[in-house]
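I have placed the structure first, in the form of structure tokens, so that the comments after it can refer back to it.
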Amino acid sequence: MKNTTLLLFVCVISFTSWSQEIKRKKDDIDVKVSELLSKMSVEEKIGQMTQITVTNFEQKGNPGVIDAEKLKDGIQTYHIGSILNVPNPGAPTVAKWKEVMTTISNEANKTRLKIPVLYGIDAIHGASYTAGATLFPQQIGLAATFNPNLVKRGAEISAYETRASSIPWVFSPDLDFPRNPAWSRIWESFGEDPYLSSRMAVALVDGFENNSFGSKYQVASCMKHYLGYGSTTTGKDRTPSIIPERILRQYDLTIYEAAIKAGAKSVMVSSGEINGTPVHASKHLLTDILKNELGFSGVVVTDWKDIIYLYTRHKVAETNRDAVRIAVMAGIDMSMVPEDFSFYTDLLDLVNKGEVPMSRIDDAVSRILRMKYELNLFENSVANAKDYPKFGSPEHIQEAYNTAAESITLLKNKDAVLPLNKSEKILVTGPTSNSMKYLNGGWSYTWQGENSDVYAADKFTILEAFQNKLGKENVLYTSGADFAKEDDAEIEKAVALAKQASKIVLCLGEKNYTETPGDISNLFMSDSQIKLALALAKLNKPIVLVLNEGRPRLISDFEDKMNAVVQCYLPGNEGARALVDVLYGDVNPSGRLPYNYPRYPNSLEKYNRKYTESISEGEQNNDAKYEKSYYPQFEFGTGLSYTTFTYSNLKIDKTEINDADEINVSVEVTNSGTKAGKETVLLYLTDNFASITPEVKTLKRFEKISLEPKETKTVSFVLKQKDLQFVNNDLKWISEKGTFTIQVSNLNKDFLLKK
């Protein structure tokens with residue numbers, strides 16, 4: 001007991017000392033920012049708010065080579081504070097990045113105040129714009145792991161390898177809360193649940209930043225895209241959203257609030273509009289809520305050209321100059337202009353004529369300078385490769401493999417067709433089966449990820465991973481189908497080869513894409529792929545459907561004919577190895593679906609649906625037949641294993657509470673099967689009656705555990721008062737008296753909240 005008390009005392013002292021040290025560093029930085037700001041001219045301040053793409057500084061006709069005069073003009077004349085993007089043609093080596101950054105740093109050091117340039121990059125699943133870097137699953141796959149510790153470790157590696165590339169700022173995590181599964185950036189999000197998204201957001205921010213100041217192994221994170229970007233009514237990228245503020249506060253804002261509390265240093269603003277107001281023009285969202293209410297003290301940066309678009313697309317500004325005024329006064333600190341100096345010239349004119357006050361400029365520049373000091377850029381802005389011996393190392397690659405393995409989600413396993421038998425000959429077919437592009441998706445080496453087969457040539461495609469495990473002689477292959485073009489000859493070839501195989505592995509999904517190029521008008525899997533699936537199904541041979549996709553493309557035309565369904569999402573460079581190990585049982589699958597997989601294009605209900613979305617009128621009227629209103633192909637949280645888990649002894653420590661109490665919940669989980677496995681324990685809560693229509697259930701806690709065969713573990717959770725609350729019509733978080741139901745697996749417990 002004495003030892004425990006002493007250890008607790010030491011921990012408290014250590015935490016207090018650490019907190020005091022952090023405060024001291026912050027205070028020191030604030031002094032430095034204030035001193036530097038007092039020395040800056042108006043022109044230098046506005047330059048700090050200007051971000052330009054690196055390709056603007058390349059030599060004409062000589063891509064990838066910096067034009068010294070162009071760079072000098074940008075830094076010396078316009079005093080630009082930030083550069084982003086990738087030199088042409090894409091994905092430089094660490095050595096090339098160092099060359100580019102050294103050139104930029106040298107030019108910045110020639111300025112009067114020697115303020116370093118802040119470089120930002122879309123490194124969203126590893127240092128994905130550096131050749132040879134370790135690439136992890138995309139965010140939707142991270143969510144499917146339900147393992148924040150694994151996700152944090154991946155972010156630490158991503159930060160390490162990004163800093164090895166001399167880049168201190170990553171445009172990640174994506175905290176969008178998508179409401180339409182057709183949206184082209186579903187895979188950049190954490191799915192449809194705000195609690196899961198919040199936990200994963202904190203894991204990424206912690207991994208990227210580690211609440212550190214000046215570490216050469218950490219980067220500044222950038223939450224995006226604030227706010228409501230993933231909720232377009234059309235499902236098309238950068239189109240309008242209609243979202244009441246009550247809904248924004250209950251769902252979307254909670255994710256950002258969690259990341260802000262974790263220490264995220266910057267935020268990128270949504271390109272869209274909400275209820276008719278572009279977010280870049282919304283003082284209410286950017287200043288009143290983000291900066292004032294949530295207390296965000298970091299940098300608010302635009303997305304690509306989005307101030308210009310207030311004038312050219314949104315039509316809320318009559319001129320570009322007016323657009324600059326609107327955005328800066330709304331709360332924008334840095335403009336990703338990014339291809340000219342119009343923001344600089346217009347803002348300088350606005351300040352000189354008194355239309356934008358210096359107080360707004362000083363606030364923005366202080367935020368930018370503070371982030372530069374926190375990243376230690378004034379002391380060192382170019383990495384030394386010797387400090388990063390683990391770049392692209394086997395250790396890092398193993399972590400990417402582990403993450404991919406835990407993300408892969410077994411959705412169906414009829415008659416235990418999986419795991420496969422290594423002695424059987426198989427057919428591997430389908431358009432996603434032999435390309436790295438479809439394992440990585442967009443933002444991989446290039447914007448759309450079209451060159452992954454070149455940059456990741458040393459990695460296994462799905463076909464190659466099968467061949468590596470079984471030998472080429474045991475793996476039959478033909479592409480079978482294109483994503484769009486129907487090819488009867490290829491289908492006939494696939495059918496003929498299938499007759500020689502014991503089982504078929506059918507790899508379907510989507511081409512690589514992101515943003516507007518990924519917009520679709522049809523959520524169904526493409527006709528060419530459906531035709532291939534139906535042709536193979538006629539053989540009555542076991543088919544394992546492997547899905548490589550960024551969003552849930554509908555498979556209801558043929559899913560019933562598949563023996564197994566495996567969702568891979570976009571698992572990254574190590575995804576094929578992980579997939580094949582899962583299919584053969586060398587890895588027991590443990591991923592869970594982070595969204596409802598819809599069955600029909602007009603039936604897109606979320607798992608935390610309202611009761612009116614769940615109850616079919618046909619259940620009340622036997623004389624009429626109605627289609628069920630809630631009938632997803634697979635529900636949020638679905639994820640099978642090669643073993644079985646049994647839940648028992650669900651307990652709560654109170655059956656009645658007041659509005660200050662917490663509830664302790666425990667449940668026993670037993671691996672009742674014969675194989676070791678990992679299980680995610682999900683705790684849902686239902687508010688049975690409320691003045692705002694309650695949801696059928698809402699995820700409030702989860703924990704992933706490992707269990708050996710016949711092993712039992714007790715999993716405990718604590719529910720707090722905030723878990724019982726919702727946002728009312730006065731935009732206040734409240735709870736109301738009444739009965740709540742806790743659900744864990746097939747077990748339930750009720751408790752009463754008294755007022």
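The values are calculated or read from the model by the stated rules, or taken from the named source; none is laboratory data. It should be emphasised that the depicted structure is a prediction, and the values quoted were computed from it without experimental measurement. Note that each Cβ is placed from the backbone with ideal geometry, even for glycine, and that neighbours are counted across all protein chains shown. These area figures cover heavy atoms from the full protein model, side chains too; ligands, DNA and RNA do not enter into them. Shrake-Rupley method; radii C 1.70, N 1.55, O 1.52, S 1.80 Å.
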Most to least packed among 350-362, 450-462 [average Cβ atoms within 10 Å]: 450-462, 350-362
Cα-based reach from K72 at 19 Å (exclusive), listing aspartates and glutamates while leaving out same-chain residues under 8 positions away: E43, E44, E58, E99, E107, E339, D340
Filter on K70/K305; K700/K754; K265/K390; K654/K754; K25/K390; K561/K610 - keep pairs with C-alpha separation over 23 Å: K265/K390; K25/K390; K561/K610
Cα shape, the range 337-471, gyration tensor, a/c 1.5 rule: prolate
Contact order relative to length of the range 142-202, as percent, for alpha carbon pairs under 8 angstrom and 6 or more apart: 40
Two-site label geometry, V454 and E245: point separation in nm, points 7 Å out along Cα→Cβ: 5.0
Under-5 Å amide H pairs with L135, H placed in peptide plane, nonlocal only: N573
Accessible heavy-atom area order of L682, L731, highest first, probe of 1.4 Å: L731, L682
Karplus-derived HN-Hα couplings along the range 122-128 (A = 6.51, B = -1.76, C = 1.60, θ = phi - 60°), whole Hz, x at Gly and Pro: 8, 8, 9, 9, x, 6, 6
Within the range 551-570: backbone nitrogen closer than 13 Å to the E627 label point (7 Å, Cα to C-beta): 556-557
Taking the range 275-381 and dividing mean pair separation by its residue count, relative contact order in percent (alpha carbons under 8 Å, at least six apart): 27
Under 14 Å, Cβ to Cβ, from P571 - net charge with Lys/Arg +1 and Asp/Glu -1: -3
Cleavage-rule hits, GluC sites (Glu not before Pro), the range 368-429, DSSP coil, Cβ neighbours within 10 Å at most 13: E379, E424
Nearest-ten-degree value, helix 194-209 long axis tilted from longest Cα axis of the chain: 50
Net charge contributed by nearby residues that have their C-beta within less than 13 Å of M371 (K/R +1, D/E -1): +2
Area of C507 that stays accessible when all protein chains are in place (1.4 Å probe, Å², to 10): 0
Rounded FRET efficiency, nearest 0.05, which uses the C-beta distance separating D363 from K713 and R0 of 56 Å: 0.65
Residues in the range 19-38 that a label on R112 would reach, taking backbone N under 16 Å of a point 7 Å out along Cα→Cβ: 35-38
Calculated from backbone phi, Karplus (6.51, -1.76, 1.60) coupling profile of the range 418-428 in Hz, x at Gly/Pro: 10, x, 6, 9, 5, 8, 8, 7, 10, 9, 9
Qualifying GluC sites (Glu not before Pro) for the range 514-616 [loop in DSSP, other Cβ within 10 Å: at most 14]: none
Pairwise FRET efficiency - T345 versus T741, Cβ, R0 = 45 Å, nearest 0.05: 0.15
Simple label model, 7 Å out from Cα along Cβ direction - K283 to K414, nm: 6.1
Listed residues F636, V665, L285: farthest to the positive end of the dipole of the chain (Cβ charges): V665
Surface accessible to a 1.4 Å probe, K472 within the full protein complex, Å²: 150
Long-range amide H partners of F524 with built H, under 5 Å: L554
Karplus (6.51, -1.76, 1.60) ³J(HN,Hα), θ = phi - 60°, over the range 90-101, in Hz, Gly and Pro reported as x: x, 6, x, 6, 4, 5, 5, 4, 4, 4, 5, 5
Cβ-derived FRET efficiency at R0 45 Å, D387 paired with D27, nearest 0.05: 0.95
Dipole magnitude (debye, nearest 20) for the chain, charges at Cβ of Lys, Arg, Asp, Glu: 1160
Label-zone membership for the range 512-541, site K561, 7 angstrom Cα→C-beta point, backbone N under 19 Å: 524-541
Solvent-accessible surface ranking, highest first, for W733, W447 at 1.4 angstrom: W447, W733
Amide H contacts of L118 (H built 1.01 Å from N, under 5 Å, at least 5 apart or other chain): S82, I83
Residues of type aspartates and glutamates that K710 reaches as a straight line, Cα spacing below 15 Å, ignoring anything fewer than 8 places off in the same chain: E668, E679
Mean Cα-pair separation over length for the range 182-328, i.e. relative contact order, pairs under 8 Å, 6 or more apart, %: 22
